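Some notes on the structure that comes next.
The values are calculated or read from the model by the stated rules, or taken from the named source; none is laboratory data. What you see is a predicted model, and the numbers here were worked out from it, not measured in a lab. Glycine also receives a Cβ, built like all others from the backbone with ideal geometry; neighbour counts cover every protein chain displayed.
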Amino acid sequence: MKDFEKIIEALLFASSEPLTQKKINLIFDNNSNSPDLESQVIKLNNKYSEQGHSIEILNLDGGYQIRTKADFDYYVRKLLNNSSQSHLSQAALETLSIISYKQPISKPDVESIRGVDCSGVLKNLLTKLLIKIKGRDNSPGRPLVYATTNEFLQVFGLNRLSDLPKLKEVSEILEEQPALTEQINAFK
Amino acid sequence: MKSQIYRVQIDQFEGPLDLLLYFIRRDEIDIYDIPISNITSEYLQIIEDMKSMNLSIAGEFILMAATLMRIKSKMLLPRPILDEDGELIDPRTQLVEQLLEYQQYKDISIELSERWNEQSTRHHRGLAQKVEDTDNLELAFKEVSLFDLAKYFKEAMDRMPVITSYELKRDSISLDYKKEHILQSFDGDGVLSFKRLLSNCKDKIEMIISFLALLDLIRLRKISVFQNQLFDSIEIHRLEKN
């Protein structure tokens with residue numbers, strides 16, 4: 001088959017979720033000659049950028065998905081009747097950050113890092129499908145533990161969890177906070 | 001007083017740690033050498049301000065106030081606290097570590113926020129029509145966890161029609177007893193006024209039973225009911241004497 005590129009393009013176009021190599025293999029009945037998704041995506045993306053298309057294939061959640069470019073946000077948003085950009089609260093973002101690095105993590109552990117009650121935020125993130133209940137912890141009370149979802153990866157444009165920005169080293173944080181010892185002494 | 005110059009809006013902070021980090025940034029304090037005395041008094045001042053504005057103070061702010069005061073009092077102790085290796089323990093260490101860890105995730109949350117804003121401008125295809133009939137189930141099914149199942153089960157249970165239970169009280173007076181009672185209530189002439197019968201009843205239930213008993217006695221032709229004219233009092237007459 002020579003039309004692999006076109007077949008992959010059609011599959012990407014029709015798929016509402018990121019397309020994976022596993023699915024490609026299933027579609028080709030696990031034939032040894034099923035096309036390599038990644039190389040076809042590279043060819044397609046090259047074609048799109050050369051011809052100045054308004055779409056692009058992104059590597060998300062362990063698969064590939066066609067997305068419109070940011071330049072066309074205004075029009076697509078109108079089409080989808082989605083006039084305003086939805087926002088995540090600071091509390092939601094902080095909680096998501098903690099869960100994404102420390103998962104699976106229980107509510108008490110999230111709360112001890114944030115120093116505040118997180119019940120409402122966790123509930124909110126669960127209904128937004130950004131986190132899920134992964135099971136129970138073995139610590140006293142066997143609390144539920146939370147983890148991020150595939151939707152989380154898709155929404156934040158991540159291929160896998162390890163693509164998250166590295167946790168800043170403690171020293172790096174300190175560099176941003178110049179120690180003005182004299183001033184401190186003045187306070188004392 | 002510093003706290004008089006800087007009016008801090010408490011609700012713009014995510015919690016006590018966020019508030020302390022704000023102090024540290026604002027005053028360019030070395031996080032490893034926090035002037036506990038100043039921070040504590042400013043922190044307590046803010047809590048006082050909140051009280052005077054009748055704002056409800058979240059428990060975590062009170063907890064932090066207690067923590068700060070404990071650290072402060074420990075630092076005032078003349079005898080330094082040593083760990084097993086004879087090293088000096090700074091009472092602030094735990095708080096500093098907590099602040100640093102929280103700061104890390106705050107930084108990450110900014111990155112996530114930027115990603116969120118960027119990604120939400122890039123749209124993808126919406127949910128496709130579900131394929132009803134498929135030979136290849138592996139393609140059609142998403143991964144479902146035990147907790148998903150539990151969630152759907154709970155949703156299904158929540159949709160069930162609600163059956164509220166209510167208590168049924170056994171009748172305190174039986175119909176037969178009331179019938180007997182009516183038959184014995186007649187005066188010498190074999191006449192009983194309907195009004196008197198009802199006025200002897202304790203509650204609504206007894207009235208209803210009396211009425212039912214009356215109807216039953218009429219059916220059995222043991223009594224008869226008369227009324228001389230419209231809206232006149234009703235008289236019950238005994239028909240036979242046993």
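Return the only residue of A:D137, A:D163 being modelled with pLDDT under 90, over 23 Å from B:R115 (Cβ atoms), touching a Leu at 6+ places or on another chain (Cβ under 9 Å) and more than 8 Å from every other protein chain (Cβ to nearest Cβ). Write out each step before concluding.
On the way: A:D163 fails: over 23 Å from B:R115 (Cβ atoms).
A:D137 is the lone residue from the list that is modelled with pLDDT under 90, over 23 Å from B:R115 (Cβ atoms), touching a Leu at 6+ places or on another chain (Cβ under 9 Å) and more than 8 Å from every other protein chain (Cβ to nearest Cβ).
The residue list A:L125, A:L58 contains one member that is in the same structural domain as A:A10 (by TED's automatic domain parsing), surrounded by 19 or more Cβ atoms within 10 Å (Cβ to Cβ) and among the hydrophobic types (A, V, I, L, M, F, W, C), which is A:L58. Screening B:F211 with (1) free of Cβ contacts under 8 Å to residues at least 24 places away in the same chain; (2) surrounded by 12 or more Cβ atoms within 10 Å (Cβ to Cβ); (3) outside any helix (DSSP H, G or I) gives one miss only, at (3). Scanning segment B:71-91 for residues that are surrounded by 14 or more Cβ atoms within 10 Å (Cβ to Cβ) and either among the polar types (S, T, N, Q) or more than 13 Å from every other protein chain (Cβ to nearest Cβ) (or both) yields a count of 4.
Of all the listed residues (A:I7, A:I24), the sole one being at pLDDT below 95 and closer than 27 Å to A:T148 by Cβ is A:I24. Just one of the numbered conditions (1) at the interface with chain A (Cβ under 8 Å from one of its Cβ atoms); (2) modelled with pLDDT under 70 is not true of B:V131: (1). Any idea how many residues of segment B:161-190 are in contact (Cβ under 8 Å) with a residue 40 or more places away in the chain and among the hydrophobic types (A, V, I, L, M, F, W, C)? Counting residues in segment B:161-190 that are in contact (Cβ under 8 Å) with a residue 40 or more places away in the chain and among the hydrophobic types (A, V, I, L, M, F, W, C) gives 4. Just to be sure, is A:L122 under 28 Å from B:L149 (Cα atoms), assigned to a helix (DSSP H, G or I), in contact with a helix residue (DSSP H, G or I) (Cβ under 9 Å, 6 or more places away or on another chain) and more than 9 Å from chain B (Cβ to nearest Cβ)? In short, yes.
Against the test of being among the basic types (K, R), modelled with pLDDT of 80 or more, out of contact with any strand residue (DSSP E or B) (no Cβ under 9 Å at 6 or more places or on another chain) and surrounded by 13 or more Cβ atoms within 10 Å (Cβ to Cβ), the options B:K179, B:K154, B:K222, B:K204 yield a single qualifying residue, B:K179.
Which residue pairs have Cβ atoms under 7 Å apart, sit 6 or more places apart or on different chains, and have a first residue in segment B:14-31 that is facing another protein chain (nearest Cβ under 7 Å) and a second that is among the acidic types (D, E)? Sorted first by the residue in segment B:14-31, then by its partner, the pairs are B:E14/A:E94; B:G15/B:E60; B:P16/B:E60.
Screening A:K69 with (1) within 10 Å of chain B (Cβ to nearest Cβ); (2) in contact (Cβ under 8 Å) with a residue 12 or more places away in the chain; (3) within 14 Å of the chain's Cα centre (by Cα) gives one miss only, at (3).
I'd like to check something: does segment A:77-92 contain any residue that is surrounded by 15 or more Cβ atoms within 10 Å (Cβ to Cβ) and touching a strand residue (DSSP E or B) at 6+ places or on another chain (Cβ under 7 Å)? First the steps, then the outcome.
Taking segment A:77-92 first, the residues surrounded by 15 or more Cβ atoms within 10 Å (Cβ to Cβ) are A:77, A:88, A:90-92.
Then keep just the ones that are touching a strand residue (DSSP E or B) at 6+ places or on another chain (Cβ under 7 Å); that gives none.
No; the residues of segment A:77-92 include none that is surrounded by 15 or more Cβ atoms within 10 Å (Cβ to Cβ) and touching a strand residue (DSSP E or B) at 6+ places or on another chain (Cβ under 7 Å).
Does B:L149 satisfy the condition of being within 11 Å of chain A (Cβ to nearest Cβ) and either modelled with pLDDT of 75 or more or out of contact with any strand residue (DSSP E or B) (no Cβ under 8 Å at 6 or more places or on another chain) (or both)? Here the answer is no, as B:L149 does not meet what is asked.
When segment A:95-119 is filtered for residues that are within 10 Å of chain B (Cβ to nearest Cβ), among the acidic types (D, E) and surrounded by 17 or more Cβ atoms within 10 Å (Cβ to Cβ), only A:E111 remains.
If only residues of segment A:28-42 that are among the hydrophobic types (A, V, I, L, M, F, W, C) and modelled with pLDDT of 90 or more are counted, the one that is surrounded by the fewest Cβ atoms within 10 Å (Cβ to Cβ) is A:I42.
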